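A short write-up of the structure that comes next.
The values are calculated or read from the model by the stated rules, or taken from the named source; none is laboratory data. Source: prediction; values computed, not measured. Using ideal geometry, Cβ is built from the backbone for each residue, glycine included, and neighbour counts are taken over all protein chains shown.
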Amino acid sequence: MRRVLGAILCLAMLAAVLVLPGLPGRLTEPAVTPTPAPSPPPEEAGSGFGVWVSYLEWQQVDFSSAQAFAADIAVILDNIRDAGGSVVFAQVRPFGDALYPSDYFPFSHLCTGTQGQDPGFDPLALLVEAAHARRLALEAWVNPYRLQAGSLPAELCAANLASIHPDWVRETDGGLYLNPADPQVRQYIADGVDELCRRYDVDGVHFDDYFYPATDPAFDAADYAASGTSLALADWRRQNVNELVRLCWQTVHRYEGVRFGVSPQGNPDSCLTMQYSDAALWLAEPGYVDYLMPQLYWGLDSLLPERAQAWLSLPRAEGVALYFGLGAYRIGEGEQGNLAEWKSGCALARQRDWLLAHGADGVGLYRYGSLWANTSWPGLAAAELAALR
């Protein structure tokens, strides 16, 4: 009975996660003061959950030919559909590079092993077509600032922004990131978002939780001094991120039926003070996002209820949805002080049902490989999938 009730709740409340595939995004005239459209009602949208497919999954996919790639993604998409999923968040721009031919970013090293090398086909075009054939929504997941993290990619090509626009780049902790304070950077990122919506029938554009990569004042001291702002450093950084998010929302909303969402860190205080992402503002005021999906990668016996209530208690603009990301990668591994829940075989289903009962609009699962390619805990992963149905 509990599982039946959970399924009923899922059908009734999770429906807004799915945007059914339709005609390619049609360019519309931008309004002077854009207003977000309400999330589609259940009878128009269907039901299900979202699944993140990350660059870690692409490392296991065969890009040697269009046929090989199509065969591998068919397995991924069939698995998601057959488990009851409805949305795929496909990481198509992970390191300032792209899983598609772009006028702004070189081909990703994930395609051939060498950044900038053309695989000879368009992976994103095949992804969109294959997802829509299965009535799955496909949202293009973009990391806006990151160019290199540690040793990934091992080598940057000559067409990478670190090479052609070194003045746009800042370095921290062994990584290279586009400068959030530079208005040229913001416009370039938005132009890349426009390219995605213009060329592909994507159902949405999805940003992850990587915004400001450092809290150290030295990271952008020169930019801050040159800005002449009267704002405190933290407020100035938040303003820079706000301007990017709003610009990208406006860009996406030039295309009919396409939405823009962000998956911030699960702790709203950390978003605000560590990454300078004012997610509470984006949730409360029109014109920033169509949805948020905070990453609640804790269990019910841990911090999930407290963190979820912190988000659910925030003001929310009309038409802005609030989903939550769940940490499927914790299956079998647990978290500090909470192992039993993650070895129960039903942790994700219980978390989903609790969130839906307390007002969430839906859930996403991070990530595909933790459920369908879990070599450490295959039995637990199978049990979790069965409980989610």
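Values for this structure:
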{"quantity": "Residue pairs meeting the criteria (Cβ under 7 Å; at least 6 apart or on separate chains; first on the phi > 0 side of the Ramachandran plot, in region 355-375; second of a type in the set (Ser, Thr, Tyr) and outside any helix (DSSP H, G or I))", "calculated": "362/323"}
{"quantity": "Residue 220 surrounded by fewer than 20 Cβ atoms within 10 Å (Cβ to Cβ) and among the acidic types (Asp, Glu)", "calculated": "no"}
{"quantity": "Yes/no for residue 145 being touching a helix residue (DSSP H, G or I) at 6+ places or on another chain (Cβ under 6 Å), of a type outside the set (A, V, I, L, M, F, W, C), modelled with pLDDT of 95 or more and closer than 24 Å to residue 291 by Cβ", "calculated": "no"}
{"quantity": "Residue in region 247-258 that is part of a loop (DSSP other than H, G, I, E, B), under 17 Å from the mean Cα position of the chain (by Cα) and more than 27 Å from residue 115 (Cα to Cα) present", "calculated": "yes"}
{"quantity": "Of residues in region 373-389 being in contact with a Leu (Cβ under 8 Å, 6 or more places away or on another chain) and of a type in the set (A, V, I, L, M, F, W, C), the one surrounded by the fewest Cβ atoms within 10 Å (Cβ to Cβ)", "calculated": "387"}
{"quantity": "Sole residue being basic (Lys, Arg) and either at pLDDT below 95 or at positive phi (or both), chosen from 389, 350, 330", "calculated": "389"}
{"quantity": "Condition met for residue 175 (within 22 Å of residue 257 (Cα to Cα) and within 23 Å of the chain's Cα centre (by Cα))", "calculated": "no"}
{"quantity": "Tally, over region 161-178, of residues that are surrounded by fewer than 20 Cβ atoms within 10 Å (Cβ to Cβ) and either in contact with a Leu (Cβ under 6 Å, 6 or more places away or on another chain) or assigned to a loop (DSSP other than H, G, I, E, B) (or both)", "calculated": "5"}
{"quantity": "Some residue of region 107-122 being surrounded by 15 or more Cβ atoms within 10 Å (Cβ to Cβ), within 17 Å of the chain's Cα centre (by Cα) and either in contact (Cβ under 8 Å) with a residue 24 or more places away in the chain or not in a loop (DSSP other than H, G, I, E, B) (or both)", "calculated": "no"}
{"quantity": "Matching residues in region 262-284 - criterion: being buried (at least 21 other Cβ atoms within 10 Å of the Cβ) and in contact with a Pro (Cβ under 6 Å, 6 or more places away or on another chain)", "calculated": "264, 266, 271, 277, 279"}
{"quantity": "Candidate set from region 205-235 (those that are of a type in the set (Phe, Trp, Tyr) and farther than 26 Å from residue 194 by Cα); member that is nearest to the chain's Cα centre (by Cα)", "calculated": "219"}
{"quantity": "Check on residue 139, buried (at least 20 other Cβ atoms within 10 Å of the Cβ) and either closer than 17 Å to residue 220 by Cβ or out of contact with any Pro (no Cβ under 8 Å at 6 or more places or on another chain) (or both)", "calculated": "yes"}
{"quantity": "Test: residue in region 207-218 that is hydrophobic (A, V, I, L, M, F, W, C), assigned to a strand (DSSP E or B) and touching a strand residue (DSSP E or B) at 6+ places or on another chain (Cβ under 8 Å)", "calculated": "yes"}
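Here's the yes/no breakdown for (1) in contact (Cβ under 8 Å) with a residue 40 or more places away in the chain; (2) surrounded by fewer than 20 Cβ atoms within 10 Å (Cβ to Cβ); (3) under 15 Å from residue 325 (Cα atoms):
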site: 247; (1), (2), (3): yes, yes, no
site: 253; (1), (2), (3): yes, no, no
site: 256; (1), (2), (3): yes, yes, no
site: 260; (1), (2), (3): yes, no, no
site: 296; (1), (2), (3): yes, no, yes
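Let's see how each residue does on (1) assigned to a loop (DSSP other than H, G, I, E, B); (2) within 18 Å of the chain's Cα centre (by Cα):
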| position | (1), (2) |
| --- | --- |
| 130 | no, no |
| 135 | yes, no |
| 139 | no, yes |
| 147 | no, yes |
| 155 | yes, no |
| 159 | yes, no |
| 187 | no, no |
| 192 | no, yes |
| 201 | yes, yes |
